[in-house]
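What follows is one structure encoded as structure tokens, with my remarks underneath.
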Amino acid sequence: MHETVGMIGTGLLGSAMAVRLSAAGRPLLAYDIDRCAVEGSGAAAAASNAQVADQCRTIVLSLPDSHIAAAVIEEIRPYLQSGDLIIDTTTGDPAEAEAAGVKLAKLGVYYLDATIGGNSRQARHGEVIALVGGEVTAFERALPLFDTFCRRSFHLGHWGAGARMKLVLNLVLGLNRAVLAEGLSFAAACGFDLHQTLEILQAGPSYSKVMDVKGEKMIRADYTPEARLAQHHKDVRLILAEAERHGAKTPLSAVHDALLRLAEERGFASLDNSAVIEAYRVSSESNPC
């Protein structure tokens, strides 16, 4: 019989991971500020974060940002025991992840910043990857959990390494989405059929997997969220800050930041990140080239 795993945060990604863990026979105790978010995940609902930390020796965090994750860790700290394992899948500031690891190590608590590469739909199908920073022994202990919802898991170094690599991954992924949005908008302005355009892009040398995941969503303006636009905009701001910290040049990400800001201003913040294409919509009419 498996031990009960705690989960704090059952939003889009958290609930997808919970479904996978439950299907693998892992008993779950979960808490989310939106009590309805726990329903359908296969987890038992906890009354508070404290209850999760009191009853579970392994806890998965899936929260909107690292500031919230830090606040939750501080809230549950009195209930943690030496030897506990916290797996933090929050995409956040690498410096915050390093600070969390140091603080928890003083309590004898193991901490992994285990960011997830992929969206909630992919997590439900076990198609995501885990990018993990922390002690090797903690990583090895967590592998059976990662194997329930990840196709591959990568140990990248000490605390903060998982969060930092996630920013690298999201930089490339986000720009792929933005390029696809720009290409489809360009094709529409030239009078081309967008379904045929997407088929051509998928068949040719410009292909990227983003086309399979986001192409039809952009064409149909179906922005049912799999990963929210505002969350990725948060990641882009983290990318720019981390790049400045390390002296890296990221001019394309600066443009991406402006596009996402425009899409948010047009009301698409809480919808799927494929809505970045809305930053390109200038009118309801387009003229052929």
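Taken together, the values in this text are just the output of simple stated rules run on the coordinates, not laboratory data. Since this is a predicted model, take the numbers as computed values, not measurements. With ideal geometry, Cβ positions are generated from the backbone for all residues, glycine too; neighbour counts draw on all protein chains shown.
Data for the structure
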{"read-out": "Helical segments meeting 24 Å axial Cα length and Kyte-Doolittle -1.0 threshold in the chain (DSSP H)", "value": "161-189, 229-246"}
{"read-out": "Extension reserve of the SER270-ARG35 stretch, reckoned as 0.36 nm per residue once the Cα distance is removed", "value": "82.7 nm"}
{"read-out": "Simple Cβ-charge dipole of the chain, Lys/Arg +1 and Asp/Glu -1, about Cα centre, in debye nearest 20", "value": "320"}
{"read-out": "Burial order of peptide ranges 27-33, 188-194 (average beta-carbon count within 10 Å, highest first)", "value": "27-33, 188-194"}
{"read-out": "Euclidean distance of C-alpha centroids, segment 174-233 and segment 30-85, integer Å", "value": "36"}
{"read-out": "Over 28 Å (Cα to Cα) - which of LYS103/LYS249; LYS106/LYS249; LYS214/LYS234; LYS166/LYS249; LYS103/LYS209; LYS209/LYS234 fall in this group", "value": "LYS103/LYS249; LYS106/LYS249; LYS103/LYS209"}
{"read-out": "Net charge dipole size for segment 5-158 [Lys, Arg +1 and Asp, Glu -1 on Cβ; Debye, nearest 20]", "value": "460"}
{"read-out": "Evaluated at q = 0.14, 0.19, 0.22 Å⁻¹: base-10 log I(q)/I(0), Debye formula over Cα of segment 138-283", "value": "-0.76, -1.16, -1.34"}
{"read-out": "Residues in segment 207-244 reached by a label modelled at HIS195 [backbone nitrogen below 19 Å; 7 Å Cα→Cβ]", "value": "211-223"}
{"read-out": "Alpha-carbon radius of gyration plus Dmax, which is the widest Cα pair, for segment 97-190 in Å", "value": "16.8, 61"}
{"read-out": "For segment 39-51, Karplus couplings with θ = phi - 60° (6.51, -1.76, 1.60), whole Hz, Gly/Pro x", "value": "4, x, 8, x, 9, 6, 8, 8, 7, 6, 4, 4, 5"}
{"read-out": "Which of ALA50, THR115, PHE146, positive extreme of dipole for segment 5-158 (C-beta unit charges)", "value": "PHE146"}
{"read-out": "Area projected by the alpha carbon convex hull of the chain, averaged over all directions, nm²", "value": "15.7"}
{"read-out": "Listed peptides 199-208, 176-185 by packing density, highest first (mean Cβ within 10 Å)", "value": "176-185, 199-208"}
{"read-out": "Amide H contacts of HIS158 (H built 1.01 Å from N, under 5 Å, at least 5 apart or other chain)", "value": "GLY134"}
{"read-out": "Volume per residue that the Cα convex hull of segment 5-158 spans, once the total is divided by residue count, Å³", "value": "91"}
{"read-out": "Neighbourhood net charge (12 Å Cβ-Cβ; Lys/Arg +1, Asp/Glu -1) for ASP84", "value": "+1"}
